[in-house]
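Just below is one structure, and these are the notes that go with it.
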Amino acid sequence: MSSRTWAGGGPGPGGARLAGRTVHPWAWWSWAICAAVTVSLTTNPWLIGLVCAAVLVTVLRRRTDEPWARSLGVHLSLAGFVLVMRILVAVVLGSARSGTLLWRLPQLSLPAWAAGVRVGGKVYLEPLLMSCFDAMRLAAMLLCVGAANTLANPRRALRSVPAALHEISVSVVIALTVAPQMVESLARVRRARRLRGDAGRGAGALLPIVIPVLEDSVERAMGLARSMESRGFGRTRAVGSSPLGALLGLVGLVGLGLGAFLMLGGGHSRVLWGGLLAAGLLASWAALHLAGRGLCVTRYRPDPWSGPEWTVLLCGLLAVAATVLVGSLAPRTLTVVLPPLAPPALHPLLVLAGLSLGAPALLTPAPPRVRDWLARADERAGAGRDDDEGERPDCGPERLRPRGDER
């Protein structure tokens, strides 16, 4: 077994080291955002299906077995719910008046002020397929967000933010831990009440539960505050603000907002809104860098950014670039228009986009898993027992009989 680091960057339980390496959480978020952008640029079901398949394969091969990495089923259920509800709305409230007739539903008569709204009636194939393609796009974007949440540890992601956002990230981490602590306190209080024979229900049992839970929450908050104060988190320090950093931050926000407006508005040059977005991102990064230079913030076991992280980022960017290039060369391939009723075309660059999004499943190292360490520990324990039995052969059951007993 190779000597690699634990998921947090150090040795595992008992001083052992787990095989594998975790990829930087922001690399996974960048990859997932690129996948979502790729899906948002098209209504082609072939590309949407390729992206979903690549995301699922990558998640199943590169997720860990920690509790926060078990949320894929929830996001799949949410994506399926969105897909089904969008199709039902298209069937029941469709407004199309032409196309290939599928079936007729009973139609409700609506008042005059609801003109243009149809409930029931004729259902046509082409509008239903277009609604299905739009629903697939939204469901795929939700799946991409779920993949990022599954692959990237949220606490490690917040710990890796720029130094200028250090206080904000710590506050968010503390806020994220409030709900699990409240649930744990509630379960502990209810279990204690049952052990005392107090099985009250209804509104009368609410007050005896709420007060201990609030008391436990306040005690935990005070303990956390004392711990942070002992580590110097709440110390005051004079940090001079840089006028250049403030100006760059303002320019970055304006560039990002204007670029996003032009991109979503349509009808504008890709070079224009692409340049504005790139300039806004560059200015924002420079502003954060200048703001963080005056803060003395240290990180315990920082997550490295090396070859696997660059591989994940480049795979996501390659998928976006291939999709944008297809939009320039063959725009009707990305945007499916019905009628006429015909199967959508699949451009070779779209296949390249799907394969590039699935490449991190093979090009990145496998993450360390706790079950591998447990299996290795059991294997070593079994080998130790066998060695002990081999070194002490006189400990067998036939050697434990008293002398002279030859039965």
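Taking amide H as placed 1.01 Å from N in the peptide plane, the amide H of Lys122 sits under 5 Å from that of Leu105, each at least 5 places away or on another chain. Using a simple spin-label model with pseudo-atoms 7 Å out from Cα toward Cβ, Thr100 and Leu363 lie 3.9 nm apart. Once the Cα-Cα distance is subtracted from the 0.36 nm per residue extended length, the Val92 to Ile33 segment shows a gain of 17.9 nm.
Modelled spin-label separation between Leu253 and Glu219, with each label point placed 7 Å from Cα along the Cα-to-Cβ direction: 4.3 nm. Taken one residue at a time, the phi angles of the range 39-47 give Karplus couplings (6.51, -1.76, 1.60, θ = phi - 60°) of 5, 5, 8, 9, 10, 6, x, 5, 5 Hz. Gly and Pro are set to x. Extension gain, Arg193-Ile211: 0.36 nm per intervening residue step, less the Cα-Cα distance, totals 5.2 nm. How large is the accessible surface of Leu355 in square angstrom, using a 1.4 angstrom probe and rounding to the nearest 10? We get 120 Å² for Leu355.
The values are calculated or read from the model by the stated rules, or taken from the named source; none is laboratory data. Please read these numbers as outputs of a predicted model, since none were measured by experiment. A quick note on method: Cβ atoms are made from the backbone with ideal geometry, for glycine too, and the neighbour counts reach across all protein chains shown. Keep in mind that these areas ignore ligands, DNA and RNA; they rest on the heavy atoms of the full protein, side chains included. Shrake-Rupley method; radii C 1.70, N 1.55, O 1.52, S 1.80 Å.
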